[in-house]
């Protein structure tokens, strides 16, 4: 059974399988719109936010009603 992976590339968010070393895509499909929609729906339904750090600081991903 394949081990699926989701990752951010230069032009999209991708889902697919990696090679045995886990460092190169074997097969991938752009899932950017589906991924963003699923994450937004999950955060909203669960009343959650996601905090993460990058090199230049801390960020918060959340859904707010306008």
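The values are calculated or read from the model by the stated rules, or taken from the named source; none is laboratory data. None of the values given here were measured: they were computed from a predicted structure. Cβ coordinates were reconstructed from backbone atoms using ideal geometry, including for glycine residues, and neighbour counts include every protein chain displayed.
Miscellaneous remarks
- Test result for residue 21, more than 11 Å from the chain's Cα centre (by Cα) and exposed (fewer than 12 other Cβ atoms within 10 Å of the Cβ): yes
- Residue match in the stretch 44-52 (condition: touching a residue at least 24 places away in the same chain (Cβ under 8 Å) and either surrounded by 10 or more Cβ atoms within 10 Å (Cβ to Cβ) or not in a strand (DSSP E or B) (or both)): no
- Top-ranked residue of the stretch 8-18 - restricted to ones that are in a strand (DSSP E or B) and out of contact with any strand residue (DSSP E or B) (no Cβ under 6 Å at 6 or more places or on another chain), ranked as surrounded by the most Cβ atoms within 10 Å (Cβ to Cβ): 13
- Yes/no for residue 26 being part of a strand (DSSP E or B) and either surrounded by 10 or more Cβ atoms within 10 Å (Cβ to Cβ) or at pLDDT 95 or above (or both): yes
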